[in-house]
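Structure first, then comments.
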Amino acid sequence: MSLPRFLVAPAALSGPHAVLTGAQLRHLRARRLRTGSKLVLADGAGRQRCGVVICVDRHQAVIQMANDESAQRDSPLHLTLAQALLKSDKLDWVIEKGTELGVSEFVLFSCERTVSRPAGDRSARWTRLAHSAAQQCQRSRLPSITGPVSFEDVILHRREALRLLFWEQAQPEGLTEAHRQHPDTSSVLAVIGPEGGFSTADAQRAAAAGLQLVGLGPRILRAETAAVAAVSVCQLLWGDLGQSSPGAGGRPGLLKA
């Protein structure tokens, strides 16, 4: 059974002991951990260590750190999800589920058919959602969240090795061709449109900027469904989804021409 995981400040992993207070202490109590319970502390930047609770009271829990580092659970694929702005609840859901599926970066943007914009600054809420999801699914790294930016910023300034724009009007063999051309890529940009989808002009500008236009099958998906489907497909083809152990190189042969 996997050990409970807690995200802490990097300095907490440097010494022989760490102290949990506040929200992390409440989480420890909710998990019914007590003296002698084992857990994992991670700093959200890739470093993590196992530990044992040696003291817990109303104000704090003291953790004795072990020398070994626990297994990494982050994908070898650096996956950037560029998501057009959606209604607040849908965008929250995309960030939460994208974090669970191993997204490395979220880039939020507006385009021609964007109709929803966050009410006020929701960056703190998105960070909390990503933090909670990363802790739940035992990731060692927290995804970054940037934006909103313009559509042009996404298609002109991102430099991932493989850049994909998911569009319902794309040719059905688009993903097959992308996988054939880039079977072992280590970084992917997946661009998903708003509730109304990308316009033809958006798709043409993306193609002119060098993005490959790909689809997700014959059905028209909701924007938030398309985001999760696109992330899952990218992790399956180039990441670690379905693999018994992490490793670069994708899974050749899953798509047949």
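Here are some notes:
- Selection of first residues in region 205-233 that are at positive phi and of second residues that are open to solvent by less than 50 Å² (accessible area, probe 1.4 Å) and not in a helix (DSSP H, G or I), restricted to Cβ pairs under 7 Å at least 6 apart or on distinct chains, gives the following pairs, ordered by first then second residue: 210/163.
- Looking at 154, 191, just one residue is more than 30 Å from residue 40 (Cβ to Cβ), under 15 Å from the mean Cα position of the chain (by Cα) and open to solvent by less than 10 Å² (accessible area, probe 1.4 Å), and that residue is 191.
- The set of residues from region 95-117 being open to solvent by less than 30 Å² (accessible area, probe 1.4 Å), of a type outside the set (Gly, Ala, Ser) and in a loop (DSSP other than H, G, I, E, B) comprises 103, 111, 114.
Okay, residues lined up against (1) in contact with a strand residue (DSSP E or B) (Cβ under 9 Å, 6 or more places away or on another chain); (2) over 21 Å from residue 6 (Cα atoms); (3) in a loop (DSSP other than H, G, I, E, B):
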| residue | (1), (2), (3) |
| --- | --- |
| 91 | yes, yes, no |
| 133 | no, no, no |
| 145 | yes, no, no |
| 165 | yes, yes, no |
| 177 | yes, yes, no |
| 188 | yes, yes, no |
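- Flag for residue 253 being on the phi > 0 side of the Ramachandran plot, open to solvent by 30 Å² or more (accessible area, probe 1.4 Å), at pLDDT 95 or above and not aliphatic (A, V, I, L, M): no
- Check on residue 33, in contact (Cβ under 8 Å) with a residue 12 or more places away in the chain, outside any strand (DSSP E or B) and either among the aliphatic types (A, V, I, L, M) or under 21 Å from residue 10 (Cβ atoms) (or both): yes
- Looking only at region 3-45, and only at residues there that are of a type in the set (Ser, Thr, Tyr) and open to solvent by 60 Å² or more (accessible area, probe 1.4 Å), the one that is farthest from residue 61 (Cα to Cα): 14
- Tally of residues being modelled with pLDDT under 95 and within 30 Å of residue 48 (Cβ to Cβ) across region 72-90: 5
- For region 1-29, the set of residues classified as at pLDDT below 90 and either hydrophobic (A, V, I, L, M, F, W, C) or on the phi > 0 side of the Ramachandran plot (or both) consists of 1, 3, 6, 7, 8, 9, 11, 12, 13, 23, listed by residue number.
- Test set (1) open to solvent by 20 Å² or more (accessible area, probe 1.4 Å); (2) within 18 Å of residue 239 (Cα to Cα) - residue 162 fails condition number: (1)
- If you check 73, 58 for being open to solvent by 20 Å² or more (accessible area, probe 1.4 Å) and either among the hydrophobic types (A, V, I, L, M, F, W, C) or touching a residue at least 60 places away in the same chain (Cβ under 8 Å) (or both), only one passes: 73.
- Residue pairs meeting the criteria (Cβ under 8 Å; at least 6 apart or on separate chains; first closer than 21 Å to residue 241 by Cα, in region 137-148; second open to solvent by 70 Å² or more (accessible area, probe 1.4 Å)): 137/73; 137/100; 138/73; 139/73; 140/47; 140/72; 140/73
- Count of region 46-65 residues which are closer than 10 Å to residue 13 by Cβ and among the small types (Gly, Ala, Ser): 1
The values are calculated or read from the model by the stated rules, or taken from the named source; none is laboratory data. Since the structure is predicted, the reported quantities are computational estimates derived from the model, not experimental observations. For neighbour counting, all protein chains shown are included, and Cβ atoms are generated from backbone atoms with ideal geometry for every residue, glycine included. Accessible surface areas use protein heavy atoms only, side chains included; no ligands, DNA or RNA. Shrake-Rupley method; radii C 1.70, N 1.55, O 1.52, S 1.80 Å.
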